[in-house]
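The values are calculated or read from the model by the stated rules, or taken from the named source; none is laboratory data. Because the structure is a prediction, the values reported are computed rather than measured. Quick reminder, even Gly has a Cβ in these numbers, built from the backbone with ideal geometry, and neighbours come from all protein chains shown. Note: accessible area is taken over every heavy atom of the protein model, side chains too, but ligands, DNA and RNA are not part of it. Shrake-Rupley method; radii C 1.70, N 1.55, O 1.52, S 1.80 Å.
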Amino acid sequence: MDTIMEVKDLNLWYGDHHALHDINVDIPKNQITALIGPSGCGKSTFLKTLNRMNDLVENVKITGNIIYNNENIYAPKVDVTWLRKRIGMVFQKPNPFPMSIYDNIAYGPRTHGITSKVKLDTIVEKSLKDAAIWDEVKDRLNTSALGMSGGQQQRLCIARALAVEPDILLMDESTSALDPISTGKIEELAVELKKKYTVVMVTHNMQQAVRISDYCAFFLLGDLVEFSKTEEMFSMPKDRRTEDYITGRFG
Amino acid sequence: MRSMFDQQLKTLNEEMLYMGGLCEDTIQQTIEALMSGDVKKAHALNNMMSQLTQQERSIENICLKLLMQQQPVARDLRTISSSLKMVTDMERIGIQACEIAEIIAAGNVVRATDKVDFQELSNEVSHMVQMAMMAYDKKDMNLADEVIKYDDVVDKLFCDIREDLIKQLKDDTNDAECFIDMLMIDKYFERIGDHAVNIASWVKFSITGEIQIVE
């Protein structure tokens, strides 16, 4: 297993609330890692530490290291904009910008200084193809993204994240607002994406974790209780608390 | 929060134990018919076949419904999947005991009970099945291991009887039909032992999650 990120002794506080306790885990490269656990267990907080989205929260304190690309992403010299370009994020609800499909995708690359129309065209097509939505939108790239269905909007958001060529894609319950067909498309997409990218996803849908993730991390009350191959976790969990959660005995 | 699921698993367990009871009863009555040469008793076992098959179907239905409704994982998945496997072995045990009863009912064996003594083999096989059912009921790894080891005892008794039958057949070719029937009974008992071993292996799987291949 190749590792893309090493999380070492990570602790996080929201004010007095100690939300993550001594998290140590290696995120496997080109794999899908699912983060599971009951509400309030720290899984979304943990996901957000991976691209420093928690920096935006008031009174947050973080200790420990997250090593990516041979350096601690919390080191003072790290350019957070660069970091979030390398580690993209897709949220629970699709949040397309109120502009055309084309401009949604071109927004990131333009921000990073790309102005050539030819280059932008290539990026837009490639990103939409990678997000498995090109065939559905190629004839209406200049229409508003807000006119798309929820499932299409979510794939557009994935395409937008891919447009800046990230290494890692973080997905925070990215299918929870979608119908089963759109959910299925995003799941298939995630499996396809892991060939080029690393995916880390928070999910409340246990069957989704079983279906598509390679590794699974179970969080409870701010602790990382168990991290193992998904197949092992869902057939023979090591920790009793994991067993009780995944079999629906609490949560 | 999962009281319905727990209730369904409880029902599955009760049905499995009932199936185990049916198997043990069938073997016991078969042995009694064999030892006493009671053709009537052997005939009476005829209706056990449909009962065993029905119970097997009913357990399979419970398992398939649980897989569909509850999408089980971990211990629950092991319980349900191992039940699905075990019930097949249980049914085979019961059916093979019924096959022995059918041979007894045909009458050839009755006039030759002095030729072979099935007492020890049948008792050991019956004991094995009882142990396998108890290992399932108590989720007892040690007992399951004991069943698996016990197979050697039954295999040896089967081979001894087989050799004895071959010897006798060479000396007395007049009653070949009877000897062949006896050999089949011998083999059925041995197969019942094998199915008990399978059950024990699935009991172990339901506890450890590891599938053991028994040679």
query: On average, how many beta carbons from a partner chain sit within 10 Å of the beta carbon of a residue in B:67-74?
result: 4
message: Modelling each spin label as a point 7 Å along the Cα-to-Cβ direction, I'd like the B:I211/A:W13 distance in nm, to one decimal.
response: 5.1 nm
Angle in degrees between helix A:150-162 and the longest Cα principal axis of chain A, rounded to the nearest 10: 90 degrees
statement: Projecting the Cα atoms of B:Q28, B:L67, B:T11 onto the charge dipole of region B:1-77, where Lys and Arg contribute +1 and Asp and Glu -1 at Cβ, the residue farthest towards the positive end is B:L67
³J(HN,Hα) computed for each position of region B:6-21 - Karplus, 6.51 cos²θ - 1.76 cosθ + 1.60, integer Hz, glycine/proline x: 4, 5, 5, 5, 5, 4, 4, 4, 5, 5, 5, 5, 5, 4, x, x
FRET efficiency estimate (nearest 0.05) - Cβ-Cβ, B:Q119 to B:L67, R0 41 angstrom: 0.45
statement: Longest chain A segment clear of trypsin sites (Lys or Arg not before Pro) sitting in DSSP loops (not H, G, I, E or B) with at most 10 other Cβ atoms within 10 Å runs A:78-194
field: Point-to-point label distance, A:F97-B:A176, nm (Cα→Cβ direction, 7 Å offset)
entry: 9.2 nm
task: Could you tell me how many degrees, from 0 to 90 and to the nearest 10, lie between the Cα long axis of helix A:180-193 and the main elongation axis, the longest principal axis, of the Cα atoms of chain A?
output: 90 degrees
- request: Classify region B:143-215 as rounded, prolate or oblate from the Cα gyration tensor: take a ≥ b ≥ c as the square roots of its eigenvalues, call it rounded if a/c is under 1.5, otherwise prolate when a/b beats b/c and oblate if not.
  value: prolate
statement: Heads up, region B:77-151 by the C-alpha gyration tensor (a ≥ b ≥ c square roots of eigenvalues; a/c under 1.5 rounded, else a/b over b/c prolate, else oblate) looks oblate
field: Pairwise centroid distance, computed over Cα atoms, of region A:1-36 with region A:115-162, Å
entry: 31 Å
message: As a test of the definition: with a 1.4 Å probe, what buried accessible area, both sides summed, do you compute for A against B, in Å² to the nearest 100?
response: 1100 Å²
statement: Rounded to the nearest 0.05, FRET efficiency between B:K139 and B:R57 (Cβ-Cβ, R0 25 Å) equals 0.50
field: P(r), alpha carbons of chain A - 5 Å bins starting at zero, rounded %
entry: 1, 6, 13, 17, 18, 16, 13, 8, 4, 2, 0, 0
task: Identify the GluC sites (Glu not before Pro) of region B:126-211 meeting these criteria: DSSP loop state and at most 16 other C-beta atoms within 10 Å of the C-beta.
output: B:E210
message: What FRET efficiency comes out for A:V60 versus B:E146 if R0 is 51 angstrom and r is the Cβ-Cβ distance? Round to the nearest 0.05.
response: 0.30
- prompt: Roughly how big is region B:125-215's charge dipole about its Cα centre, with Cβ charges of +1 (Lys, Arg) and -1 (Asp, Glu), in debye to the nearest 20?
  reply: 400 debye
query: How large is the dipole of region B:2-208 about the Cα centre if only Lys and Arg carry +1 and Asp and Glu carry -1, each at its Cβ, rounded to the nearest 20 debye?
result: 980 debye
Relative contact order of region B:2-208, defined on C-alpha pairs under 8 angstrom at six or more residues apart (%): 28 percent
